[in-house]
Every structure is written in C-alpha cells, then in structure tokens.
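The values are calculated or read from the model by the stated rules, or taken from the named source; none is laboratory data. All figures in this text were calculated on a predicted structure; none of them were measured in a lab. Methodologically, a virtual Cβ is constructed for each residue, glycine included, from the backbone with ideal geometry; neighbour enumeration extends over all protein chains shown. Just the protein is used for accessible areas: all its heavy atoms, side chains included, with ligands, DNA and RNA removed. Shrake-Rupley method; radii C 1.70, N 1.55, O 1.52, S 1.80 Å.
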Amino acid sequence: MKTDSLRNQYIQFFKEKKHKVFSSDSLVCDDPSLLFTSAGMNQFKPYFLRQKKDIKRAVSCQRCLRTGDIDEVGKTPFHHTFFEMLGNFSFGDYFKKEAIKFAWEFLTRRLNINPASLSVSVYKDDKEAFNIWKNEVGVRLEKIFKFGQKENFWPANVLEQGPCGPCGPCAEVFFDRGEKAGCGKDTCNPACGCGRFVEIWNLVFTQFDRRPDGQLIPLPQNNIDTGMGLERMASVLQGKASNFEIDILYPAVEESRKIIGSAADQEVGLINSIVDHSRAVIFAIADGVYPSNEGCGYVARRLLRKSLWTANLLDYKEPFIYRLVPLFAGLMKNPYPYLEEKIGVIGKVIKKEEEKFISTLEEGKSKLDDCLRQLKEKGKENLPADKLFSLYDTYGFPFELTEIIACQRGVKIDRQGAQKLLAKQKEQSRSHSKFSDDIFVKDSLPGCSSLKKTIFTGHSYPESSVEIVNIFKLAGEKVNWQEQVNCLKKEEEGVVVLDKTPFYAESGGQLSDQGLISTGKGKFLVQNVYKGADKAVYFHQGKVTEGQIEKGEGKASVDINRRKALARAHTATHLLQSALREVLGEHVSQQGSLVDVDRLRFDFTHFQALTSEEIDKVESMVNSYILKAEAVDEKRDISLEEAKKEGALAFFKEKYAGKVRIISISSHSKELCGGTHLNNTSEAGGFGILSESSVSSGVRRIEAACGWNFYQLYKDKQNQIAKIAAALKSGSSNIDTALEKTLNSLKESKNKISELEKERVALVARELIDNYLQQVAEKNFLAYDFSRKDTCLQLDYASFFTLVDLIKRKLATFFIFFLGEAGGKKRFFCSSSQDLVRAGLSGKEFIKRFQAELSLKGGGSSHLAQGVVLKNSQDLLEKVKECFSRMVSDESS
C-alpha cells in the first residue's frame with residue numbers, strides 16, 4: 001500500500017466513525033510551551049483541557065518535528081526528526097473499549113494485516129485494557145504482554161518522577177517481523193530492542209491527574225490520545241525493513257547517494273540521516289522557519305549543518321541539499337501541495353545557508369589546526385572540552401569530525417567533557433521548548449495567579465471609568481508581587497491593576513500606550529503597560545504625579561497623540577508587508593517587528609539585499625496605498641481556523657489562543673493582529689524607508705518612518721539639499737549638473753596632484769640612492785626613518801610601495817628597510833630584490849629571524865614584509881644593518 005493511500009485510509013476510517021477531520025497544523029504550533037509541533041495531540045490541547053467543547057471526536061495526520069532522538073536517526077530503521085503522525089482522539093466521549101476495538105478493526109480489516117502478526121502490550125495494573133484485548137477483541141494470551149510504567153504509561157515513569165498533570169496508562173500494538181528478524185532468544189518480546197517487534201500504534205488512556213504528592217486522582221473527563229507513525233506503518237505494509245525504503249523516502253535516499261557518490265552499505269545510515277534532516281529543514285522553511293541563531297531557526301540551522309558535515313564525512317564538500325527540494329515537493333505533493341509553490345524560495349534559502357556553512361566549516365578547520373598546533377608546541381596530547389565545544393557551537397564543527405582530524409595528528413579529545421557542556425546547553429534550550437513542570441497548567445506571574453482578568457476596552461474607547469483593584473509598590477527596579485499596598489503617594493512608583501483598561505499593553509511588537517489614571521485624590525502617570533505571563537492581567541507601570549492613588553473608582557485616559565502615532569506605524573507595517581510580498585514574492589513573511597511612535601522596524605524573510613530599485617518600488621507602493629485612502633477594517637472574535645481559511649497572515653513566532661482579530665485593508669492586506677490601527681490608510685500621512693539591512697541569513701530588516709517622522713524626514717532632506725545647493729553655488733533644481741561639474745573638476749585636480757606626487761616620490765628615491773645607499777657585506781643596503789621629525793624627506797606610509805617600485809628600476813639588487821607612521825603606530829616596511837630572495841635573504845625571512853631581537857611584529861611575502869614596531873629606539877636602523885650583515889654572513893657560510 002502506498003503511503004498516500006495509508007494516510008487517506010486512516011482519515012476515511014475514522015471519519016466513518018464520526019470523527020471530525022482536522023488538517024495538519026503548522027510545524028510551528030500555537031502552543032507557547034513548544035517550539036515545534038511534536039505530536040498529533042498538540043493542536044487539541046484546548047479540548048483536553050476542556051477549554052473547548054464543540055467536538056467530541058477528532059482525527060488528523062499531523063506533520064511533526066522532534067529532536068530528542070536526533071542521535072538515533074540513521075542508526076535505527078525507524079527514528080526521524082520529521083515525521084507524520086496519524087491520530088484519533090476522544091474528548092470525554094469513548095474510552096478504552098472503543099479505542100482498542102477501532103485500532104484492531106482498522107489494522108485487521110481495513111489494512112488486512114494478519115492478526116497472528118500482531119502483539120499488544122498493556123500497563124501491568126491496567127486490568128480493564130487487558131480484559132478488553134483478551135476477552136472482547138480475542139487476542140491470544142501469549143500475544144498480550146504486561147509492562148511497567150516506563151513502557152506503558154504516559155508520560156513514562158510519571159508515577160515516580162512526574163510531571164504533575166494529566167496522565168494515564170497506554171496500550172501499544174506491535175507488528176511481529178518474525179523470529180529471523182530478531183535476536184532469536186526464547187525470551188524475546190516487544191520490550192526487546194532487537195528489531196523483531198515494530199511498535200505501530202500507541203493508545204493513551206488519559207484518565208488520571210498526578211498530584212505533587214504522587215497520588216493519581218481520576219480526571220473529570222477521560223480522554224483518548226492515539227498515535228501511529230505514518231512512515232513506520234507504511235514500512236510494515238510495504239514489506240520494508242526500514243522507513244527509509246518506503247515510497248516517499250527511498251527516491252530521496254537514492255538521489256542523495258547519487259549526488260554524494262556513496263555506494264557502500266555501511267554508509268547507508270549516514271545517507272538516511274541526511275535525507276531525514278533535509279526533509280525536516282524543507283518543511284520547516286515552508287512553514288516560515290528560516291535558519292537563524294535562536295528558537296526554531298536555530299533547530300533548522302543545526303539540522304541543515306548536521307546534514308552537511310555528515311556529507312563531509314563522506315568526502316562530499318559542495319552544497320547539495322537545495323537540489324533535493326523539488327524531489328521532496330513531488331514526493332509529498334498530495335498531502336502538502338503548497339511545497340511545490342515554494343520550491344524556488346526554499347531552494348534559495350537552503351543553498352545560501354549551505355554555502356555559508358561550508359565556508360564556516362573551512363574556517364573551523366583552520367581554527368582546529370591552530371588549536372592542534374598550539375597543543376603540539378606545548379607538548380600536550382589532549383584537546384580540552386571547552387575548545388571542542390567552542391568549535392561545535394561557533395562553527396558547527398561536529399565532535400566526530402574533530403576527533404577524526406585530531407586522531408590524524410595524534411591528539412585525543414575530551415569528548416565526555418564536551419558532551420556535558422552540550423547537555424547543559426540542551427537543557428537550557430529545552431526549558432524553553434517543552435511543557436512546564438505542570439503539564440497543561442497555564443503560565444502565571446509569580447504571586448499573581450489570584451488576580452482577576454483585565455477587560456481590554458481600548459479598541460473602542462481610549463478613555464473609560466475604571467476601578468483600581470490592585471496596587472504594587474516598585475522598590476528599586478523590582479516589584480514585590482507577594483505584597484500589595486493600599487496606596488501610592490506622590491513621586492512613588494508602582495504597578496496598578498484595573499478591572500478594565502483602555503491602555504494597549506506592549507505586545508506583538510507594538511509599544512504600549514501611555515496616559516493617566518485619575519481619581520478624586522490624585523493622578524497616576526502610566527509610562528508602560530504589559531501583560532502577565534497568562535496574558536489575562538494588564539499591569540500599568542508608572543508613578544504618582546499628584547496627591548495619592550488608592551484602590552477604588554477612577555478614570556483611565558490614553559495619551560491620544562501617542563496612540564495615533566503608534567496606530568500610524570502599525571498600519572504602515574501591514575502596508576509594508578503587503579508591498580514587500582507584491583514586489584519580492586509571497587515567500588516574504590514577518591520574522592519580527594517594532595511599532596514605535598511614527599517609526600517602525602520590520603524583519604522579514606528574504607535571501608538577498610534589496611536593490612535600490614526594489615526599495616523605491618516598495619516605498620512607492622506603500623505611499624500609493626496611503627493616497628488611495630482605503631478603509632482599515634477589523635473583524636473580531638473568530639477562530640484561528642476560520643481566520644486561516646480566510647487567508648489571513650499570521651506571524652509564526654506569535655502564539656494565538658482562542659478567538660482572534662483580523663485587520664484587513666482592501667485587497668492588499670489581511671493579517672491576524674491585536675494591535676491598534678488607523679480607520680483609513682490616508683491617516684498614515686506618508687511613508688519613507690530609512691534603511692534596509694541584514695539581520696541574519698535569510699532575514700532582512702527595513703526601518704521606516706511615517707506620520708510626523710516622515711514629514712520631519714522630508715524636511716531634513718530638503719534642508720540638506722538647500723545646504724548642498726548653497727555649497728555648490730547652484731539652485732536646488734540643477735544640483736545634479738553643478739555636482740557633476742564639481743566632481744569632474746575634483747577629478748582633474750586629483751590627477752594633477754597624483755602626477756606631482758609621483759614626481760616627488762621619484763625625487764625622494766633619487767635622494768635616497770645618492771645619499772643613503774650603503775654597502776653591507778657587499779650588498780646594496782638602504783634604510784631610512786621617514787617618521788623622524790627632523791627629516792627633510794617627507795613621505796607617507798602609503799607611498800612606500802611606489803617608492804620601492806622606483807628603486808627597483810634603479811637598482812638590480814637591494815635590501816630595503818623603511819620606518820614610517822600609519823594609524824598612530826610606528827610601522828616598518830622591508831623588501832628584497834629577486835636575487836637576494838633566492839639567496840635566502842628575503843624580507844620575510846629577515847623579520848621572522850630578527851623580530852624578537854628588534855622588537856618588531858609582522859610578516860608578509862618573500863619580496864615584501866611589513867608590520868609594527870613594538871619598541872622604538874634611536875639606533876634601530878643601526879641594529880637592522882648589523883642584523884642584515886649577520887644574516888648575509890650566515891647564508892654565505
């Protein structure tokens with residue numbers, strides 16, 4: 001059975017069982033506790049938490065990305081970083097009996113797998129599941145295995161180790177590949193790692209809540225969460241020993257082997273890991289994750305680099321992963337047709353990243369060579385862990401490659417120490433990419449979990465009557481969240497919580513509103529507003545300017561001028577993204593932004609610098625949107641799924657929950673956004689791009705001005721033009737003609753000066769040869785200090801090259817040593833004629849031999865060496881002369 005057919009069969013089967021079909025969520029899910037979607041259940045978290053109750057059954061095929069088992073990819077037949085997970089789910093509806101029967105029916109009747117080839121496992125104390133398999137499904141007793149919490153409880157070992165939260169026993173279904181495929185032992189069972197038994201389905205029965213004391217309390221709602229690895233199931237149905245031999249992966253394996261030139265069977269694991277990581281990177285980029293040094297982008301970069309250095313181990317050192325993009329787009333086009341639309345962009349991003357890393361890899365090799373050389377010079381034979389880890393972290397230099405190169409030089413590496421440093425880094429990263437210690441428990445600000453949710457009214461009303469419900473005092477730069485106060489007095493700083501607020505809190509790149517909270521007894525100047533970690537409570541930070549502030553009724557008033565300026569910048573940001581997508585292509589997507597007062601910064605995906613023509617076109621297009629005076633419409637309180645169906649753009653780093661808000665501007669722009677906006681594009685006043693630059697590989701940044709800042713930009717340019725015109729003694733209308741005339745005149749003057757300078761240098765050369773040329777050991781020796789204050793021969797350091805060329809024409813043989821000043825340092829310049837170089841008397845050899853004695857530091861080629869004088873002395877040239885004499889004598893003997 002083809003993999004596409006298996007995917008469709010699974011979805012159709014559970015659709016017939018009254019499950020609602022859900023499309024695969026993005027790899028970058030809306031869960032703030034995760035970097036990537038790592039399981040099919042991720043998008044159903046609100047249903048497991050009973051936050052949403054509109055459906056009871058669901059089925060999906062979810063694309064997932066995990067790096068926990070990255071070191072196993074390629075070493076085993078079934079591990080992946082990117083994979084698809086088939087899953088059926090029940091939220092307080094059916095439970096163990098139906099889940100088990102559905103699984104058995106699908107495997108044995110829909111897929112026609114021989115029941116004799118299947119085995120199952122249950123948690124050792126789950127008698128209910130055991131009896132269902134034995135008595136109601138009819139699985140033979142010898143085919144049912146009981147295991148402990150490590151194998152058959154989710155999360156594994158939760159009873160002893162935690163975490164707290166929903167958990168439960170699970171049942172697993174295994175395909176038995178036969179005795180010949182395993183270890184051959186009589187005791188072999190599904191827990192054996194020999195490869196005979198292939199786990200194809202995991203049924204999790206979420207029925208308990210683990211408490212901090214270790215107790216398991218029944219949940220108010222029993223849930224079913226199942227997962228079947230698509231690739232693993234396809235390998236079973238297609239009779240393959242490895243996932244990498246199935247129809248959607250094997251062509252990529254063969255193409256990779258063809259490109260790299262690998263034919264050895266022992267190298268197949270390395271090729272498989274390359275194919276897996278390449279597919280993961282391709283899908284990540286397609287979902288808006290560009291290689292970078294943080295978050296999701298860091299994972300994508302590491303996967304790509306791991307593939308490249310694996311190829312390097314196979315002696316292939318050219319970019320090639322970009323060539324796999326069209327192949328994967330074709331193999332995966334049925335479930336993911338959007339890949340074909342993005343082939344060009346994905347390929348360009350990957351190729352640029354490959355070229356950059358290959359260059360970095362060479363730099364890393366150079367650094368490793370330096371480290372190994374220094375170790376040898378010190379008589380040491382071990383590369384320390386910190387050096388090993390630094391090469392890995394900075395240059396992506398893998399431990400394996402370092403070990404191979406070091407071994408060739410007779411040096412051992414402290415791999416164990418480096419692994420500890422890597423584990424520490426991974427743990428720090430993992431703390432930002434997984435569930436908190438309490439699974440499914442919302443984040444909350446320490447000590448403020450009891451605070452009531454703040455109602456935001458600011459989209460409609462910039463001023464409203466409010467109640468001050470909480471007051472916290474600011475001590476230094478910290479707030480004591482454990483201790484509330486009854487009031488704040490004049491000049492005291494603190495944080496105020498209201499029952500409802502018109503103040504927009506800093507989020508989504510937009511700075512917060514400012515303004516006043518007034519009561520009958522005083523005024524509180526709001527300087528910043530931010531949300532708690534759970535996004536429900538608004539905290540108003542500022543200070544009392546009049547009287548004192550107490551709990552009770554008051555009035556909150558937003559600084560309307562600042563609000564309008566922020567709205568101009570925010571609406572202009574949406575118009576900018578629209579123009580960029582129109583001019584550069586639909587691969588452009590937001591990677592970050594800052595919405596300030598009439599000023600904005602926008603980071604976006606693009607693989608090269610914008611040309612001046614593209615910048616002009618984008619700027620003109622935004623201004624055309626503004627001049628069209630089009631309405632800015634909003635649509636509130638719709639589901640994220642509905643918004644995506646309408647084609648609204650979402651910022652992939654932003655985590656959306658519950659209902660969302662869409663901001664639409666004619667047919668140009670439609671984005672998910674919670675920020676403040678204009679009513680009409682004309683209110684933006686104008687738009688000007690200040691700069692365009694690089695943020696990281698594949699990410700560009702535009703800074704721009706609008707509103708009053710745009711007007712000020714215009715005025716500044718007008719003033720600059722007026723000043724330039726006055727300096728050129730020209731009118732503003734014909735500056736270009738006057739400037740061209742002035743530049744031509746300057747060019748002529750520069751040419752005349754250059755000719756005069758050549759003549760002057762020629763006079764200096766003649767003076768040196770006539771009056772300063774000496775014979776040292778029968779060799780022409782010429783030394784002079786141009787940095788002396790009393791010298792009549794003035795010459796800057798840059799002219800030394802011209803001077804030496806002139807001397808070469810006059811003298812067939814020579815050794816030259818000049819001193820001069822450049823960049824505030826005393827520098828030397830040493831050169832030898834060709835015959836002296838052949839005789840071993842080159843400037844480079846001279847410096848190498850005598851730099852310590854003469855307090856010099858530098859180097860160069862055999863014909864010319866230069867550097868700095870570390871310690872100046874009045875008789876330096878005499879010492880140079882004496883050293884040269886010794887060098888000639890040594891070479892002659």
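If I ask for residues that are over 13 Å from L86 (Cα atoms) and of a type in the set (G, A, S), which ones from segment 11-49 would you list?
S26, S33
Need the failing condition index for I113 against (1) open to solvent by less than 20 Å² (accessible area, probe 1.4 Å); (2) over 25 Å from I11 (Cα atoms), just the number.
(2)
Within segment 784-805, track down each residue that is within 14 Å of Y772 (Cβ to Cβ) and either open to solvent by 30 Å² or more (accessible area, probe 1.4 Å) or modelled with pLDDT of 95 or more (or both). Talk me through it step by step, then tell me what you get.
Step one: of segment 784-805, the residues within 14 Å of Y772 (Cβ to Cβ) are 784-786, 788, 791-793, 795, 803.
Listed by number, the residues that qualify are R788, C792.
Which of the following residues is over 23 Å from I638 (Cα atoms) and not small (G, A, S): R57, R50, R66? Explain how you work it out, then say what you get.
Values: R57 fails: over 23 Å from I638 (Cα atoms); R50 fails: over 23 Å from I638 (Cα atoms).
So the residue among R57, R50, R66 that is over 23 Å from I638 (Cα atoms) and not small (G, A, S) is R66.
Quickly run through segment 397-451 and pick out the residues that are of a type in the set (D, E, K, R) and either modelled with pLDDT of 60 or more or open to solvent by less than 70 Å² (accessible area, probe 1.4 Å) (or both).
First pass over segment 397-451, keeping only residues of a type in the set (D, E, K, R): 400, 403, 409, 412, 414-415, 420, 424, 426-427, 430, 434, 437-438, 442-443.
Listed by number, the residues that qualify are E400, E403, R409, K412, D414, R415, K420, K424, K426, E427, D438.
For T67, indicate whether it is within 30 Å of G195 (Cα to Cα), in a loop (DSSP other than H, G, I, E, B) and open to solvent by less than 10 Å² (accessible area, probe 1.4 Å). Full working, then the answer.
On the way: within 30 Å of G195 (Cα to Cα): yes; in a loop (DSSP other than H, G, I, E, B): yes; open to solvent by less than 10 Å² (accessible area, probe 1.4 Å): no.
For T67, the condition - within 30 Å of G195 (Cα to Cα), in a loop (DSSP other than H, G, I, E, B) and open to solvent by less than 10 Å² (accessible area, probe 1.4 Å) - is not met.
For segment 325-358, what are the residues that are within 19 Å of E84 (Cα to Cα), aliphatic (A, V, I, L, M) and assigned to a helix (DSSP H, G or I)? Please lay out each step first, then the result.
Let us first name the residues in segment 325-358 that are within 19 Å of E84 (Cα to Cα), namely 325, 327-340.
Narrowing the set further to residues that are aliphatic (A, V, I, L, M) leaves 325, 327, 329, 331-332, 339.
The answer is V325, L327, A329, L331, L339.
Criterion first (touching a Cys at 6+ places or on another chain (Cβ under 8 Å) and among the aliphatic types (A, V, I, L, M)) does V325 satisfy it?
On the way: touching a Cys at 6+ places or on another chain (Cβ under 8 Å): no; among the aliphatic types (A, V, I, L, M): yes.
So V325 fails the test.
Can you name the strands (runs of 3 or more DSSP E) wholly within segment 775-836 that have at least 3 residues being under 24 Å from K848 (Cα atoms) and basic (K, R)?
Working: elements: 779-785, 815-822, 825-832.
Qualifying strands (runs of 3 or more DSSP E): 825-832.
Considering only segment 310-340, state which residues are of a type outside the set (A, V, I, L, M, F, W, C), more than 30 Å from E403 (Cβ to Cβ) and either in contact (Cβ under 8 Å) with a residue 40 or more places away in the chain or in contact with a strand residue (DSSP E or B) (Cβ under 8 Å, 6 or more places away or on another chain) (or both).
Residues of segment 310-340 that are of a type outside the set (A, V, I, L, M, F, W, C), as a first pass: 310, 312, 315-319, 322-323, 326, 330, 333-338, 340.
Subsequent filtering for residues that are more than 30 Å from E403 (Cβ to Cβ) retains 326, 330, 333-338, 340.
Hits for segment 310-340 are N334, P335, Y336, Y338.
Tell me yes or no: at least one residue of segment 459-479 is at pLDDT 95 or above, touching a strand residue (DSSP E or B) at 6+ places or on another chain (Cβ under 8 Å), among the charged types (D, E, K, R) and open to solvent by 30 Å² or more (accessible area, probe 1.4 Å).
Yes, segment 459-479 contains at least one residue that is at pLDDT 95 or above, touching a strand residue (DSSP E or B) at 6+ places or on another chain (Cβ under 8 Å), among the charged types (D, E, K, R) and open to solvent by 30 Å² or more (accessible area, probe 1.4 Å).
Scan segment 753-788 residue by residue and report those that are closer than 20 Å to L841 by Cα and touching a Ser or Thr at 6+ places or on another chain (Cβ under 9 Å).
Matches in segment 753-788: V776, A777, K779, N780, F781, Y784.
Return the residues of segment 603-637 that are in contact with an Asp or Glu (Cβ under 8 Å, 6 or more places away or on another chain) and under 17 Å from K670 (Cα atoms); say none if nothing qualifies.
In the first step, residues of segment 603-637 are kept if they are in contact with an Asp or Glu (Cβ under 8 Å, 6 or more places away or on another chain); the result is 609-610, 615, 621.
Within segment 603-637, just M621 meets the criteria.
Among all residue pairs at least 6 apart or on different chains, which show Cβ distances below 7 Å where the first residue, located in segment 580-595, is over 24 Å from E294 (Cβ atoms) and the second is of a type in the set (G, A, S)?
Every condition considered, no pair remains.
Kindly establish whether T187 is of a type in the set (S, T, Y) and more than 40 Å from the chain's Cα centre (by Cα). Reasoning before the result, please.
On the way: of a type in the set (S, T, Y): yes; more than 40 Å from the chain's Cα centre (by Cα): yes.
Yes; evaluated as a whole, the condition is true for this residue.
Here is a yes/no grid of residues against (1) farther than 19 Å from D559 by Cα; (2) of a type in the set (D, E); (3) touching a Pro at 6+ places or on another chain (Cβ under 9 Å):
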| position | (1), (2), (3) |
| --- | --- |
| S450 | yes, no, no |
| V466 | no, no, yes |
| F472 | yes, no, no |
| V479 | yes, no, no |
| E491 | yes, yes, no |
| G508 | yes, no, no |
| L516 | no, no, no |
| T519 | no, no, no |
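What pairs come up if the first residue lies in segment 702-730 and is within 22 Å of L610 (Cα to Cα), the second is acidic (D, E) and assigned to a loop (DSSP other than H, G, I, E, B), and their beta carbons are under 8 Å apart, counting only those six or more places apart or on different chains?
A705/D598; C706/D598; F710/D598
Which of the helices (runs of 4 or more DSSP H) found entirely inside segment 211-315 contain at least 1 residues meeting this: over 29 Å from L86 (Cβ atoms)? I'd like the intermediate steps shown before the answer.
On the way: elements: 230-237, 250-260, 268-286, 295-313.
Where helices (runs of 4 or more DSSP H) fall fully within segment 211-315 and carry at least 1 residues being over 29 Å from L86 (Cβ atoms), they are 250-260, 295-313.
For segment 373-405, enumerate the residues that are without any contact (Cβ under 8 Å) to a residue 40 or more places away in the chain and either outside any helix (DSSP H, G or I) or on the phi > 0 side of the Ramachandran plot (or both). So that I can check it myself, show each step before the final result.
Residues of segment 373-405 that are without any contact (Cβ under 8 Å) to a residue 40 or more places away in the chain, as a first pass: 373-395, 399, 402-403.
K378, G379, K380, E381, N382, L383, P384 - these are the residues of segment 373-405 that are without any contact (Cβ under 8 Å) to a residue 40 or more places away in the chain and either outside any helix (DSSP H, G or I) or on the phi > 0 side of the Ramachandran plot (or both).
Name the pairs: first residue in segment 201-222 and buried (at least 20 other Cβ atoms within 10 Å of the Cβ), second residue β-branched (V, I, T), Cβ to Cβ under 6 Å, at least 6 apart or on different chains?
W201/V173; L203/T226; R210/V158
Examine segment 842-858 for a residue that is open to solvent by 10 Å² or more (accessible area, probe 1.4 Å), outside any strand (DSSP E or B), closer than 18 Å to F800 by Cβ and touching a strand residue (DSSP E or B) at 6+ places or on another chain (Cβ under 6 Å), and state whether such a residue exists.
Among the residues of segment 842-858, at least one is open to solvent by 10 Å² or more (accessible area, probe 1.4 Å), outside any strand (DSSP E or B), closer than 18 Å to F800 by Cβ and touching a strand residue (DSSP E or B) at 6+ places or on another chain (Cβ under 6 Å), which makes the answer yes.
Right, G823: out of contact with any strand residue (DSSP E or B) (no Cβ under 7 Å at 6 or more places or on another chain), among the small types (G, A, S) and open to solvent by 10 Å² or more (accessible area, probe 1.4 Å) or not?
Numbers: out of contact with any strand residue (DSSP E or B) (no Cβ under 7 Å at 6 or more places or on another chain): yes; among the small types (G, A, S): yes; open to solvent by 10 Å² or more (accessible area, probe 1.4 Å): yes.
Here the answer is yes, as G823 does meet what is asked.
Could you list, in sequence order, all residues of segment 332-390 that are under 30 Å from I11 (Cα atoms), within 20 Å of the chain's Cα centre (by Cα) and not hydrophobic (A, V, I, L, M, F, W, C)?
Within segment 332-390, K342 is the sole residue that qualifies.
Here are S33, S23: which of them is closer than 17 Å to S90 by Cα and polar (S, T, N, Q)?
One residue alone meets the criteria, S23.
Cβ-Cβ below 8 Å, separation at least six or inter-chain, first residue in segment 673-691 and at positive phi, second aliphatic (A, V, I, L, M) and assigned to a helix (DSSP H, G or I): which pairs?
Listed by first residue and then by second, the contacts come to G685/I626; G686/I626.
Specify the residue that is farthest from G688 (Cα to Cα); the eligible residues are those in segment 716-736 that are open to solvent by less than 60 Å² (accessible area, probe 1.4 Å) and part of a helix (DSSP H, G or I). Break it down into steps so the answer makes sense when it comes.
As a first pass, look at segment 716-736 and keep what is open to solvent by less than 60 Å² (accessible area, probe 1.4 Å): 722, 725, 728, 730-731, 735.
If we keep only those that are part of a helix (DSSP H, G or I) as well, we get 722, 725, 728, 735.
Details: A722: 20, A725: 23, L728: 27, I735: 22 Å.
Across segment 716-736, the extreme among qualifying residues is L728.
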